[in-house]
Amino acid sequence: MRGIGEVARASGLAVSALRFYDNQGVLVPAEVDPANGYRRYSDEQVRAARLIAGLRRVGLPVAEIAAAVRELGDPGLVRDRLDRHRRRLEDGLADAKRELLRIHALLDLEESLMTRITLPAAALAASLDAVRFAAADPAGLLPGVLFETGDGLLTLVATDRYRMALADVAAVVEGPPARLSLPLEFVEELLALDGVVTLDLAQDVRAEAGGTVIGCKPLPVDFPDYRRLMDHGREPTVRATVDTAALRELVAAAPGTPREHDGTPYEIVILGLDLDGSVRLATESEWSEEHVAVNREFLLEALDAGAAGQLVLELDGPIHPLAMRVPGESRFSILMPVRP
């Protein structure tokens, strides 16, 4: 029989470690002197202690070390356990390498002030389709789409001062927050991409998908505070749920009321609520505080960009914008009203 100090020297385990494995039931001494509490170990237990020391160094959990000690009489079982642990270590190392590469890439993005966005091309295209109708033409003040990043989110906004549209899309966002207006020509190129899109926002914007690479320069414009414009500063008093296709058909077929702005003719439609709460088109003679009038072409484009199915309209009278929301989604547009 051997004392605890001798077993510690023979196995490479500290005396405190041997006491720990005794308390855990992993390696209980063959004898304990009742008078002084000295632990005594057999030669076979020295072999087990050496096994424990090796398993401890490779990070095997205590419960598995205990199982390996019990299996010591069948080396094949111990080897199988070691092989399983080795595979776990290799998988963990591969995961750690991938994470380290991701961290290095993130540091590179931070140093270069670049923001990287990764998302499915289809999701990006659907969100762009929901907002680009509201962008100004190339000669306008805001001839592009705002790209703004948040926590796991890309927000797209477009406006020409007469209407505004917003859509959020989930994305993997790496790097510092970004807020850039990108030209419509580049937006059209983004719509043609397939697969998974990687979009780098910096002084030089770059997008890649399936081997196709496109790029542009951000627009040198100061995009307005869209959050203030979208919130209106108050809760709407009237909401109505409409069938998108039915309302579009109604608006397209109805005769418009002619108007002119800066020498440019256009038509308006006047929206109100019927007695049953449904949305209806009103005539100019009915135009009152209970109605809102908007540019008919703008309304048709907004309906085309809206989701198939239903929309929620917010109608708050002739001086407040007509707001249109897609239920259950972060997609929203407003049309500025035409005054009576």
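The values are calculated or read from the model by the stated rules, or taken from the named source; none is laboratory data. Quantities reported herein were computed from a predicted structural model and do not represent experimental measurements. So basically every Cβ, Gly included, is an ideal-geometry build from the backbone, and we count neighbours across all protein chains shown. Surface accessibility is based on the protein's heavy atoms, side chains included, excluding ligands, DNA and RNA. Shrake-Rupley method; radii C 1.70, N 1.55, O 1.52, S 1.80 Å.
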Task: Which of Val196, Leu89, Val172, positive extreme of dipole for the chain (C-beta unit charges) - done: Leu89
Task: Mean shadow area of region 27-136 over all directions, Cα convex hull, nm² - done: 14.7
Open item on the list: Using the Karplus curve 6.51 cos²θ - 1.76 cosθ + 1.60 with θ = phi - 60°, what ³J(HN,Hα) values do you get for each residue of region 29-44, in whole Hz, with x for Gly and Pro?
Closed with: x, 5, 9, 10, 5, x, 7, 10, x, 5, 8, 10, 10, 7, 4, 5
- [ ] State to the nearest 20 debye the size of the charge dipole of the chain about its Cα centre, where the only charges are +1 on K and R beta carbons and -1 on D and E beta carbons.
- [x] 2360
Task: Listed residues Thr264, Thr149, Thr198, most fluctuating in the chain (Gaussian network, C-alpha, under 10 Å) - done: Thr264
Open item on the list: Going by Cα centres, region 11-79 and region 283-331 are how many Å apart?
Closed with: 76
Task: Lys, Arg +1 and Asp, Glu -1 on Cβ, resulting dipole of region 1-138 about Cα centre, debye, nearest 20 - done: 500
Open item on the list: Let me check the size of region 154-194 from its C-alpha atoms; what are the radius of gyration and Dmax in Å?
Closed with: 12.0, 34
TODO: Treat region 248-340 as a sphere of radius equal to its Kirkwood radius over Cα pairs and apply Stokes-Einstein at 4 °C in a medium of 1.567 mPa s; give the translational diffusion coefficient in µm²/s, rounded to a whole number.
DONE: 95
Task: Sequence ranges 267-277, 302-312, ranked by mean other-Cβ count within 10 angstrom, highest first - done: 302-312, 267-277
TODO: Whenever you get a sec, line up Glu148, Glu290 from highest to lowest accessible area (probe 1.4 Å, protein heavy atoms).
DONE: Glu290, Glu148
- [ ] Over the Cα atoms of region 92-228, compute the convex hull volume and normalise it per residue, giving Å³.
- [x] 110
Task: Cα-Cα pairs of the chain separated by more than 31 Å (percent) - done: 56
